[in-house]
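Everything below concerns the one structure shown next.
The values are calculated or read from the model by the stated rules, or taken from the named source; none is laboratory data. Because the structure is predicted, anything quoted here is derived from the model rather than measured. Cβ coordinates were reconstructed from backbone atoms using ideal geometry, including for glycine residues, and neighbour counts include every protein chain displayed.
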């Protein structure tokens, strides 16, 4: 009798252990919702994640999917604290977006410790696929290596030999300046100096004056978001754009909208995708615009959130809803080719780098723009195999 009871208990325990998990699968967008990146990620990235879940059918592996979000306030300690709370108390399995590289690097360590998943779409530092790569992290849209090599090399080849940098004083800015400096020097140019400004600066006059006095003919703006828009506006007031070539190393559609086409003529930028790239990107972007509270078009980082969430949900389906082992989920994502309407076909390398083409954009003449957000022409495509740092050069400990 006892042996029969033990068999029944064993069967029940086995069945419970292998029953499909139908609890909500929680994913979370962590970004800046109140400061210099609010228009560049913010609510737009949350909308993109929600659209991905809805387009996928609202479920993955039989589990309903919920999207959470929070503002990391541009502070690494705040971001890490939110990540811990989400994982420990709310059972969040995926944290994504992460603009501000200092925050991304802090959360990267939390996610690795807790064995969950991090996908950086807004994060830029190439350390995420270099020395700080982990089995739990994927870097999706862009990085500092891609930006520097896609823009700085082109400018030097066009005759912009002497450079001076105005740089945002945190991990992303430092990394972007270093990557661009290396490219300038390797391409036969010179770096005459640099100055660093705090995040959220309102007055760039002293930095602009140092750039004017440097003897450089190219001013590399290694600063993102609203700071870049304000810097370009003030540089134009000083007449800097008439005497120097201004190069925004990370320049997006939101910058063009804020600055205006007349003040951003001839700016060359590198983006991973663009809302007006093809019929599929246009159709999706029109849907996004209708949902955005300010009727903004998406930038490539927000489009990257959509793309990343779709691929994550495909992996969860393949794992029959098992999402608790983050390293296993990431390994599954790496084993599957990527394919979605915004980025097309691609892959994820062993170091966590999502591979896809990048596009060289140039701002249109104001007279050529047919509507608000019609700001760029696509002037070149960087093939996927050339778009990102060679895996052997990254020093990622996951790569043999």
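The residue list 314, 334 contains one member that is over 17 Å from the mean Cα position of the chain (by Cα), assigned by TED's automatic domain parsing to the domain that holds residue 93, crowded, with 17+ Cβ neighbours inside 10 Å and under 24 Å from residue 146 (Cβ atoms), which is 334. Identify, from the list 397, 298, 357, 341, the residue that is surrounded by fewer than 16 Cβ atoms within 10 Å (Cβ to Cβ) and more than 23 Å from residue 92 (Cα to Cα). None of the others qualify; the one that does is 397.
A single member of 171, 131, 106, 80 is surrounded by fewer than 24 Cβ atoms within 10 Å (Cβ to Cβ), over 17 Å from residue 32 (Cα atoms) and out of contact with any strand residue (DSSP E or B) (no Cβ under 9 Å at 6 or more places or on another chain), and it is 131. Among the residues of the range 215-261, the ones that are closer than 15 Å to residue 192 by Cβ and without any contact (Cβ under 8 Å) to a residue 24 or more places away in the chain come to 0 in all.
Residues checked against (1) in a strand (DSSP E or B); (2) over 19 Å from residue 397 (Cβ atoms):
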residue: 99; (1), (2): no, yes
residue: 110; (1), (2): no, no
residue: 141; (1), (2): no, yes
residue: 155; (1), (2): no, yes
residue: 163; (1), (2): yes, yes
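When residue 210 is tested against (1) over 24 Å from residue 146 (Cα atoms); (2) out of contact with any strand residue (DSSP E or B) (no Cβ under 6 Å at 6 or more places or on another chain), just one condition goes unmet, and that condition is (2). When you check residue 390 against the structure, is it touching a strand residue (DSSP E or B) at 6+ places or on another chain (Cβ under 6 Å) and under 28 Å from residue 155 (Cβ atoms), yes or no? No, not satisfied.
Scanning the range 231-244 for residues that are within 26 Å of the chain's Cα centre (by Cα) and buried (at least 20 other Cβ atoms within 10 Å of the Cβ) yields 231, 232. Those strands (runs of 3 or more DSSP E) of the range 216-278 in which at least 2 residues are outside the structural domain of residue 74 (by TED's automatic domain parsing) and farther than 20 Å from residue 201 by Cα, considering only elements entirely within it, cover 268-271.
Taken residue by residue, the range 184-194 has no member that is within 29 Å of residue 305 (Cβ to Cβ), in contact with a strand residue (DSSP E or B) (Cβ under 9 Å, 6 or more places away or on another chain), surrounded by 15 or more Cβ atoms within 10 Å (Cβ to Cβ) and modelled with pLDDT of 90 or more.
Of all residues in the range 358-398, how many are in contact (Cβ under 8 Å) with a residue 60 or more places away in the chain and in a loop (DSSP other than H, G, I, E, B)? Total meeting the criteria: 14. Name, by its number, the condition in (1) over 25 Å from residue 367 (Cβ atoms); (2) free of Cβ contacts under 8 Å to residues at least 60 places away in the same chain; (3) in a helix (DSSP H, G or I) that does not hold for residue 306. Going through (1) over 25 Å from residue 367 (Cβ atoms); (2) free of Cβ contacts under 8 Å to residues at least 60 places away in the same chain; (3) in a helix (DSSP H, G or I) one by one, residue 306 breaks only (2). Filtered by the rule that a residue be in contact with a helix residue (DSSP H, G or I) (Cβ under 7 Å, 6 or more places away or on another chain), buried (at least 24 other Cβ atoms within 10 Å of the Cβ) and at pLDDT below 95, the range 150-166 gives a lone residue, 152. In the set (1) without any contact (Cβ under 8 Å) to a residue 60 or more places away in the chain; (2) assigned to a helix (DSSP H, G or I); (3) out of contact with any helix residue (DSSP H, G or I) (no Cβ under 6 Å at 6 or more places or on another chain); (4) under 15 Å from residue 323 (Cβ atoms), residue 87 fails one condition alone, (3). Filtered by the rule that a residue be touching a residue at least 24 places away in the same chain (Cβ under 8 Å) and either assigned to a helix (DSSP H, G or I) or buried (at least 19 other Cβ atoms within 10 Å of the Cβ) (or both), the range 51-66 gives 51, 52, 53, 55, 56, 60, 61, 63, 65. In this structure, residue 316 qualifies as in contact with a strand residue (DSSP E or B) (Cβ under 7 Å, 6 or more places away or on another chain) and part of a helix (DSSP H, G or I).
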